[in-house]
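Report on the following structure.
Just so you know, all these numbers are worked out from the coordinates, no wet-lab data involved. Nothing here was measured: the structure is a model prediction, and the numbers come from that model. Ideal geometry is used to build each Cβ from the backbone, glycine not excepted, and the neighbour counts take in all protein chains shown.
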Amino acid sequence: MKRKIALAVSSVMSLQILLSSAYIANAEDTAKEKYIAPESPAVTYNMNLDWKFYDCQTDSEIWTAMAKADQNGKKFYEKDYDDSNWETVSIPHGIGGGTNSFAAANYDAGGGYRSVLLYRKTITMPNYEPGSKVFFELEGIRQSAYVWVNGQEVGYYEAGITAMGFDLSKYVAPGEEAVIAIVNDGTTARGTTGRIPYETVPGEKWGSSYSPDNYKTTVGKGAQFVWNTKDFNEPQIGLVYDAYLYIKGQVYQTLPLYNNLKTTGNYIYADNFDIKGKKATIHVEAEVRNESAADGEYTLEVAVADAEGYLKYDFESNATTVSKATDAGITYQTAVENDVYSDENIANPVGLTDVKTPDVTYINAEFNAEDMRFWSTDDPYLYTVYTILKDKNGNVVDVQKKDTGFRKITYDANSGVLINDKAVWMPGYAQRSTNEWAVIGSATDWLQDYDMSLIKENNSNFIRWMHVAPKPAEVRSSDRYGVAVVCPAGDKEG
């Protein structure tokens with residue numbers, strides 16, 4: 001199932017964006033047929049259905065569930081582990097919501113159930129060209145997660161509110177079965193209590209020096225999770241955020257997944273606004289990575305369709321040499337154990353994470369667009385932007401699709417915020433970023449749309465998300481309904 005995604009959040013409002021550079025032609029007078037993008041060898045799959053789930057409810061069970069083998073000698077993260085007695089769930093699957101959570105919240109602004117949760121998903125990989133890139137994305141998870149594929153650890157994540165990606169390419173094969181296993185640590189409250197023991201990565205290390213007897217003496221030595229306190233935020237743990245699998249060729253447009261992949265994706269924006277003249281310059285900057293064996297010449301074509309699906313603008317970049325990556329095949333971890341866990345026996349317990357960007361090439365395209373319809377809170381008009389990467393022979397290598405709007409944002413000391421040169425009064429809400437619903441807890445994507453529709457029906461157009469950034473689904477929904485948002489990055493405005 002092809003993914004519809006939106007990215008990028010402005011300081012005043014959310015806006016999805018993508019790609020940029022040279023002029024071809026205005027498609028205004030082309031035949032009135034809805035635009036169909038060329039077929040792409042790059043494919044996106046929704047991974048929200050049919051996960052196996054196990055809840056580690058006690059300290060000793062956390063240890064035994066991760067370390068204990070089944071009757072066949074397999075551990076939970078290995079391929080042939082027997083998970084037949086585990087519950088089958090689908091995303092969003094949150095443990096922090098529901099009736100019990102709200103009943104427990106009477107002593108605090110937040111509250112909710114915390115635990116260590118185990119997930120497994122068995123899939124048959126699609127048939128794809130050998131050597132292709134395979135990426136797995138979680139749009140977020142509270143609070144940390146270890147991820148394995150077929151018994152191999154592929155990455156670690158710790159932040160709670162940002163998307164993460166994992167390169168599965170060397171762990172899976174076309175047409176073969178694969179098992180993705182996840183440990184979600186959602187136990188942290190105020191301070192450092194309830195952590196998975198530091199330096200006890202499930203796998204070879206797990207159980208070597210820890211047992212249920214000494215488990216309690218080893219927790220609490222890690223870095224504090226500041227984004228998972230209960231103040232004004234119900235701690236929604238579990239697979240609450242959407243999950244995706246991407247199959248791409250060896251030359252591809254990157255994904256906006258800095259966590260573990262260290263890529264930033266494509267960026268689309270407009271400037272040189274002439275609001276009265278309905279004109280602006282559309283820019284598309286594509287981040288392209290070449291993990292093939294040779295340099296190549298590539299062109300980026302951009303097709304912009306209107307809200308009805310008809311082609312509105314069509315332009316392309318100059319031919320650009322995309323050099324082969326010097327770090328092809330490397331696996332990054334942007335938060336690793338030595339970076340985030342302290343040890344009293346180490347002089348400098350916390351290291352610095354290397355933030356060097358992978359070897360990529362940027363291809364830019366731009367177009368002076370006329371007869372534009374600008375996004376506003378009164379008219380949240382969105383275009384669909386297709387970025388089409390082609391080799392020198394004209395073969396399509398990768399296609400990405402993004403929904404986005406174009407708008408001018410300025411601020412005047414007397415008039416306040418101006419959208420498209422018009423002062424806009426912004427009544428609205430300070431909404432908890434978990435945005436949970438009573439009884440069900442974590443809301444589905446369509447409920448996010450319903451939330452936004454209620455906000456607009458209430459003559460509001462603004463949300464200041466409280467304490468942490470919202471889910472990407474909430475950002476996409478706010479774009480569609482004309483709700484401007486402000487997103488704090490961390491807890492307690494620190």
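General remarks:
- Taking amide H atoms as placed 1.01 Å from N in the peptide plane, the amide H of VAL397 lies under 5 Å from those of LEU389, LYS390, ASP391, each 5 or more residues away in sequence or on another chain.
- Relative protection proxy for 137-150, 164-177, from highest mean packing down: 137-150, 164-177 (other beta-carbon atoms within 10 angstrom).
- With R₀ set to 45 Å, the beta-carbon distance separating THR124 from ASP271 gives a calculated FRET efficiency near 0.45.
- Summing charges over all other residues whose Cβ lies under 11 Å from the Cβ of LYS248, with Lys and Arg as +1 and Asp and Glu as -1, gives -2.
- The range 232-309: Rg to Rh, with Rh as the Kirkwood radius over Cα pairs: 1.09
- Non-local Lys pairs in the range 367-461, i.e. 8 or more apart or on different chains, that have alpha carbons under 29 Å apart: 10
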